[in-house]
Amino acid sequence: MSNSVSSTLVSLRLRGAKLVAPVLGFGALAMIPYALTLNEIHLLSAMLIFGIFAMSLNLLVGFGGMASLGHALFFGAGAYAVGLLSFHRDSGFALSLLVGLAAAALLALVVGFLVRRARGTAYLMITLAASQVFWGLATQWKAVTNGDDGLFGISSPSILGWDFGSTVTYYYVVLVVVAGVFVLLTAISRSPFGYVLRGVRDNEQRMRAVGVDVDRIRHLALVISAVIASLGGVLYAYQERYVGPDVLAATTSGDGLLAVALGGGAVAGPLVGGLVVGLLEDVVGSYTDRYLMILGILFVLVAIFLPRGLAGLAQSLGDTVRPRRRAAEQAIEQRVEPAQAEVTETEGAHHG
Amino acid sequence: MAEPVLEVSGLSKSFGGISVLSDVGFSVARGERRGIIGPNGAGKTTLFNVLSGYLPADAGTVRLCGSDVTTLPAHRRARMGLGRTFQIVALCDELTVEENVLLGLVASNRGEWRLLGSLRGRRGLVERSRELLSEAGLIDLREHKVKAIAYGHRRVLEIVMALTSRARVLLLDEPAAGLSGEESLRMIPLLERLDRDLTIVLIEHDMDVMFNTVDRLLVLDHGTILLEGTPEEVRSSDLVRERYLGTQHAAGAGS
C-alpha cells in the first residue's frame, strides 16, 4: 500500500519536473511583449506560427518516421483558404478557419492513399510532387489565385464581433493556439496512438504482428499533422494579411524539416527549432538573398554536430549538471517495487 | 486428437518462377507443439510468412480456428489469435522493454486508436506487462531501451511480444537463433512454461531446443513435406538422417 503511494508521489514529482520548463517557457513568451517593439512582436508571432508548423511536421517525421517534403501543402491549404475566401468572398475568420482545416484534412486523406505503400525516398518524392502540383496551381491559375502577386485584402480577423487583429492581441491569440497545440501534441505523444506511431516507425513488422493496422495508423497521423499545419497556415494568412505561392513552395517544407532536425525531441524541441528557423529566416533574409544557402549549411552542421537536435543537447547538458538528482530519482523508482525484485530473483535461481 | 486450430492445404508459393513451397498441407491440433525442420532454403520461413499473412499464397488455403484466413492481411490474422516471432528480432528499438510490451497489450485490446490518456498510466496493462516480464526474467530491464539490452534478452522479449496478443497459435521462427549454447538451453524452460492450451509451431535449428519442446515434427525439403511424425520417428528415419540431420550434425558439430 505504502509502495503505491510513494510510487504515485514519485511519478507526480517526475511529472512536475517535466512541467517546469514548458511553464517557464510559455510564461516568458507571455511576458516578453512588454519588452519588445511592435515590429519585434510581429516577428515573434511569425516565429510562433512557424513553430506550429514544425510541431505538426514532427508528428509525421519524428514520431511516425515519415519524412515528408510536401508539408507546405497543408500549411498552404490553410493560408490559401483564408486568402481565397477573403479575396473572392470577403468571408470572416470562423468560416475561413473551418474551410482551411477541412481542406487540409481532405488533402491529407487523398495524399495518404498515394503514400500508403511508400517509404523513405518514395515518400519524400510523392509528398514533394503533391505539394508542387498545388504550388503550380497557385502560380499559374491566375484567375483564381492571382498568380505570383498572391492574394491580399484579408481583413482584420474577428470572431463574434471581437476584433483581434492588432499586433499585440494577435500575438496572444497565436500564443494561446501554440500552447493548445503543444498540450494536444504532448497528450498524443503519451497516448497509445503516439506510442503505436513510434512503434510503427521502429518496426512495422512487429506492429503488424501484434494486430496493428499500420497503413491506417500512418494515414491518421498524416491527417492530424496536416490539420495542425493548416491551423498554422490560417494564422499566417491573418498575420501577414497576404498569401503568396511561397507558402506552398518546397522551401517552406524544407524549412520545416530543418526546424524538426534542429529541435529534436518530441514536442518542445520542434517548437524551439521552429522559433529559431523562423528568426533566422527573418534576420538572415534581411541581410542577404542567400538565405537558403545559409540554412543549407545550418542543416549540415546540425546533422554532424547535433544529431539529436537541441533537445538532445539539453538532455546531455541536464545529465551532466544534475547527475546526482537523476541517480536519486532512479534509486527512488527502484525502491518502489521490492515485490518485483523478489520475483526476479526467484526467476534467476530457477534458471540457474 | 483435439480439434485442429491451424489447417494448411495445397499451399504453394514461388518467387519469380522458383518454387519455394509446393502443395504443402498439414494440420496442427490445439495445444500441440509442432516443430518444423529442414535444411536452409527448405522454405520454412517462407511458410511462416505465408501462414501469418506477410506474403500472399499463390495457391492453397490457410485456416485458423476454423475460418479461412488465406487472403487476410497480417494484422487481421494477428487479431484472430495468430502470434509470431521473427527470425531476425523485430522489436521497437527506440522504446523501452516495457513500452514494447505495453504496445502489444494495448493493440490486443484494440486501444491503438486512443489519442488521449497515457499509455504508461494504464494500470491494468502495466500490471499485465510486469507479470509477463517477471515470468520471462526481464523485469529489471523494463526501463531500458531495447537497443541497449543484450541480444539474448531481445530474443526472449521477442517471445514475450508474441504472448502480448491473445494468441491461440504461436509461430516461433528460430527463437534460439544466434544464442550461445547456454542461452538457448535457457530458452527450453521458457517454452515449456507456456500455457498448454497454446498451440506452437516452432522452427529451430538447435536440436536440443527442438527435441525438448515438440510433440510432432514436420520435415520440409525443397518446399515439400518430406516426413511428418514424432521426434523419435524422425530421428530414426534414414531419409531425414541423410538429407538433414546427418549433414546438420556434422556441420554444426563445432558450434
Summing +1 per Lys or Arg and -1 per Asp or Glu among the other residues with Cβ less than 15 Å from A:Gly120's Cβ gives +3
Counting partner chain Cβ atoms within 10 Å of every residue's Cβ in B:115-122, what's the average? 6
HN-Hα J in Hz across the range A:28-44 - Karplus 6.51, -1.76, 1.60, θ = phi - 60°, x for Gly and Pro: 4, 5, 6, 8, 4, x, 5, 9, 10, 7, 4, 4, 5, 5, 4, 4, 5
List the residues of the range A:192-212 for which accessible area in the full set of protein chains is at least 50 Å² lower than for the chain on its own; 1.4 Å probe, protein heavy atoms only. A:Pro192, A:Tyr195, A:Asp202, A:Gln205, A:Arg206, A:Arg208, A:Ala209, A:Val210, A:Gly211
So what J values fall out for the range A:159-164 if you push phi through Karplus, 6.51 cos²θ - 1.76 cosθ + 1.60 with θ = phi - 60°, rounded to Hz, Gly and Pro as x? 9, 6, x, 8, 8, 10
With labels modelled as points extended 7 Å from the Cα through the Cβ direction, what inter-label distance (nm, one decimal) is found for B:Phe15 paired with A:Leu106? 4.5 nm
Mean per-residue count of partner chain Cβ within 10 Å for B:97-108 equals 5
With a 1.4 Å probe on protein heavy atoms only, work out how much accessible surface A and B bury together, total over both chains, in Å² to the nearest 100. 3400 Å²
Apportionment of accessible area to carbon and sulfur, chain B, percent (1.4 Å): 49 percent
If you restrict to DSSP beta bridges whose two residues both lie in the protein assembly as shown, what percentage is antiparallel, to the nearest 5? 60 percent
Given the options B:Leu163, B:Leu227, B:Leu217, state which has the largest fluctuation in a GNM of chain B using a 10 Å cut-off (strictly under) for Cα springs. B:Leu227
Would you work out what percent of the accessible area of the range A:115-160, with all protein chains in place, is carbon or sulfur (probe 1.4 Å)? 66 percent
Contact order relative to length of the range A:21-295, as percent, for alpha carbon pairs under 8 angstrom and 6 or more apart: 38 percent
Provide the packing ranking of A:227-237, B:132-142, A:140-150, i.e. peptides ordered by the mean count of other C-beta atoms within 10 Å per residue, highest first. A:227-237, B:132-142, A:140-150
Using modelled amide H (1.01 Å from N, peptide plane; none on Pro or chain starts), what sits under 5 Å from the amide H of B:Gly38, excluding residues fewer than 5 places away? B:Leu220
Would you mind putting B:235-241, B:75-81 in packing order, based on average other-beta-carbon counts within 10 Å, highest first? B:75-81, B:235-241
With angles folded into 0 to 90 degrees, how steeply does helix A:93-114 sit against the dominant principal axis of chain A? Use alpha carbons for both and round to 10. 70 degrees
Could you derive backbone 3J(HN,Hα) for the range B:191-206 from the dihedral phi with the Karplus parameters 6.51, -1.76 and 1.60 (θ = phi - 60°), listing whole Hz in sequence and x where the residue is Gly or Pro? 5, 5, 6, 4, 3, 5, 7, 6, 8, 10, 10, 10, 9, 7, 8, 6
Run down the lysines and flag those whose C-alpha is under 25 Å from the C-alpha of B:Lys13, throwing out any fewer than 8 positions away in its chain. B:Lys44
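The values are calculated or read from the model by the stated rules, or taken from the named source; none is laboratory data. Keep in mind that what you see is a predicted model, and the values were worked out from it rather than measured. Here Cβ is always computed from backbone atoms with ideal geometry, including for glycine, and neighbour counts include all displayed protein chains. Accessible surface areas use protein heavy atoms only, side chains included; no ligands, DNA or RNA. Shrake-Rupley method; radii C 1.70, N 1.55, O 1.52, S 1.80 Å.
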